[in-house]
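Have a look at the structure below, then the notes.
The values are calculated or read from the model by the stated rules, or taken from the named source; none is laboratory data. None of these values were measured; they are calculated from a predicted model. Note that each Cβ is placed from the backbone with ideal geometry, even for glycine, and that neighbours are counted across all protein chains shown. Ligands, DNA and RNA are stripped out before the accessible areas are found, and what is left, the full protein with its side chains, is counted by its heavy atoms. Shrake-Rupley method; radii C 1.70, N 1.55, O 1.52, S 1.80 Å.
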Number of protein chains: 2
Amino acid sequence: MARAATTSDAFNAIAEPQRRQILVLLRGGERPVTELARDLGMTQPQASKHLRVLREVGLVRVRESGKQRLYDLDARGLRPVHEWVGGFERFWNESFDRLDAYVQELERARQEEPHDDDDR
Amino acid sequence: MARAATTSDAFNAIAEPQRRQILVLLRGGERPVTELARDLGMTQPQASKHLRVLREVGLVRVRESGKQRLYDLDARGLRPVHEWVGGFERFWNESFDRLDAYVQELERARQEEPHDDDDR
DNA sequence: TCATCGTATGCCCATATCGGCATGTGTCAA
DNA sequence: TTGACACATGCCGATATGGGCATACGATGA
């Protein structure tokens, strides 16, 4: 197998920076493709393709308005992501202490034995 | 170009389900590779590779303990993700109203004459 | 009907993924 | 030293990405 499809879920869809930018822009209200493309400095086909992905995972909706297609945000799909990540909320505070412990661990190891530790 | 590297940032790293599971397991404390692999029903090489990615984006740390390598969670890298997604928090509540508006819009458009307006 | 604008798609290419499998590396014990 | 154990890596294959570019498609207006 290869990497999971970008359309498999919100996690994969928002892994792509440009797609994230599109979503941010859409917080300001619905917009036509060309405008999004222009504002984000990408070509129209690119924008269309990204929007397709976002649409397939349900993060945006489309509405036809004459020649244009207005894309609108539907953030509900982001909620699971927020919740999953939120499950780690208390850990990223705690991490400082853990990091301390880790550093001390290294310190100690360095003095106990003339052992090479490589990290980058 | 192809898809961005999984190691390019936390967003890409956590796009992969198995990697998410590893992180969840590590909330329970540091663990050796084989144990993680067993608990998640994956092969050892698979676990090692996923851990490598997580390590490269800084979501886990390693500590040597005899023959074993204890992986430990470092959730700090998840904070940006949480914040980014959090920026949409009020939108996924509002979405229901929007959906309503959207439906009504369709209804109306079906009966009226489509009018060109460029907002923004 | 035809030209034009706004979008969506199709194709090609280079790249990196993830899985499977085999093997290399390092540590501990006898 | 040797062997067993815990991991890391290398290689292969199948797949889909994202960018560039050309083009097809649908709606509008002359």
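For the range B:37-48, give me the residue count where each residue is open to solvent by less than 30 Å² (accessible area, probe 1.4 Å), near DNA strand D (Cβ under 10 Å from one of its atoms) and in contact (Cβ under 8 Å) with a residue 12 or more places away in the chain.
To start, the set of residues in the range B:37-48 that are open to solvent by less than 30 Å² (accessible area, probe 1.4 Å) comprises B:37, B:42, B:47.
Subsequent filtering for residues that are near DNA strand D (Cβ under 10 Å from one of its atoms) retains B:37, B:47.
After this cut, where a residue has to be in contact (Cβ under 8 Å) with a residue 12 or more places away in the chain as well, the list is B:47.
Qualifying residue count, the range B:37-48: 1.
Could you give every pair whose Cβ atoms fall below 9 Å, whose first residue belongs to the range B:24-36 and is part of a helix (DSSP H, G or I), and whose second residue is at pLDDT 95 or above and among the basic types (Lys, Arg), counting only separations of at least 6 or pairs across chains?
Here the result reads B:25/B:31; B:33/B:69, each pair linking the range B:24-36 to a residue that is at pLDDT 95 or above and among the basic types (Lys, Arg).
For the condition modelled with pLDDT of 95 or more and either open to solvent by 30 Å² or more (accessible area, probe 1.4 Å) or away from chain A (no Cβ under 11 Å) (or both), what is the one hit in B:120, B:69?
The unique qualifying residue is B:69.
If you scan the range A:1-18, which residues turn out to be under 21 Å from residue A:72 (Cβ atoms) and near DNA strand D (Cβ under 7 Å from one of its atoms)?
Hits for the range A:1-18 are A:6, A:7, A:16, A:18.
Search the range A:49-59 for residues being surrounded by fewer than 18 Cβ atoms within 10 Å (Cβ to Cβ) and within 9 Å of DNA strand C (Cβ to nearest atom), and hand back the single one that is farthest from the other protein chains (Cβ to nearest Cβ).
A:52
Tell me which residues, restricted to the range A:59-77, are basic (Lys, Arg), more than 10 Å from DNA strand D (Cβ to nearest atom) and touching a residue at least 24 places away in the same chain (Cβ under 8 Å). Write out each step before concluding.
So in the range A:59-77, the residues basic (Lys, Arg) come out as A:61, A:63, A:67, A:69, A:76.
Of the ones still in play, those that are also more than 10 Å from DNA strand D (Cβ to nearest atom) are A:61, A:63, A:76.
Once the filter is applied, which keeps residues that are basic (Lys, Arg), more than 10 Å from DNA strand D (Cβ to nearest atom) and touching a residue at least 24 places away in the same chain (Cβ under 8 Å), the range A:59-77 yields only A:63.
Being farther than 28 Å from residue A:16 by Cβ and surrounded by 14 or more Cβ atoms within 10 Å (Cβ to Cβ) is the filter here, so list the residues in the range B:4-33 that pass it. Spell out how you get there, then give the answer.
The initial filter retains those residues of the range B:4-33 that are farther than 28 Å from residue A:16 by Cβ, namely B:28-33.
Correct list: B:30, B:31, B:32, B:33.
Read through the list (1) within 26 Å of residue A:82 (Cα to Cα); (2) assigned to a helix (DSSP H, G or I), then give the number of the only condition that residue B:15 fails.
(2)
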